[in-house]
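Down below is the structure, laid out as structure tokens.
All of the numbers you see were taken from the coordinates with simple rules; none came from a lab. Everything quoted here is computed from the prediction, not taken from an experiment. Here Cβ is always computed from backbone atoms with ideal geometry, including for glycine, and neighbour counts include all displayed protein chains.
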Amino acid sequence: MSNRERRHKRIRAKISGDKRKPRLSVFRSAKGIYAQIIDDTEGKTIVSADSREIKTKKKDNISLSNEVGKLIAQKALEKKIKEVVFDRGGYLYHGRVKALAEGAKKEGLKF
């Protein structure tokens, strides 16, 4: 088990989402970044977005992550979700993860 997986397990033991305040989960891979808004009481993904959905010319990873954050926030607001619990997935809060969070905040999603 990697250090990130251990950190993620510790974080998940402390936070969870419900209908009123679902969890915004982030997964970062070498090729892209993925975000899901999850209701943990039902175990259902309410909304998801990823970097493959962004149809723009080649951008750097930070600005692409920011766009994914904006996209997930727009989809969440359409489903009447205004407030979430942020789950960084064991990743450090900088770079692409921070850009995604700031993009979501800029669109009106509250953490």
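The table below lists the values:
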quantity: Residue tally, condition farther than 18 Å from residue 93 by Cα and crowded, with 16+ Cβ neighbours inside 10 Å, over region 51-71; calculated: 3
quantity: Positions within region 49-81 being within 16 Å of residue 37 (Cα to Cα), touching a residue at least 12 places away in the same chain (Cβ under 8 Å) and part of a loop (DSSP other than H, G, I, E, B), in sequence order; calculated: 79, 81
quantity: Members of region 91-109 found to be surrounded by 12 or more Cβ atoms within 10 Å (Cβ to Cβ) and more than 12 Å from the chain's Cα centre (by Cα), listed by number; calculated: 95, 106, 107, 108
quantity: Test for residue 15: is it among the β-branched types (Val, Ile, Thr), crowded, with 19+ Cβ neighbours inside 10 Å and in contact (Cβ under 8 Å) with a residue 40 or more places away in the chain; calculated: no
quantity: Selected residue (criterion: nearest to residue 12 (Cα to Cα)) from residues of region 82-111 that are in contact (Cβ under 8 Å) with a residue 60 or more places away in the chain and in a strand (DSSP E or B); calculated: 87
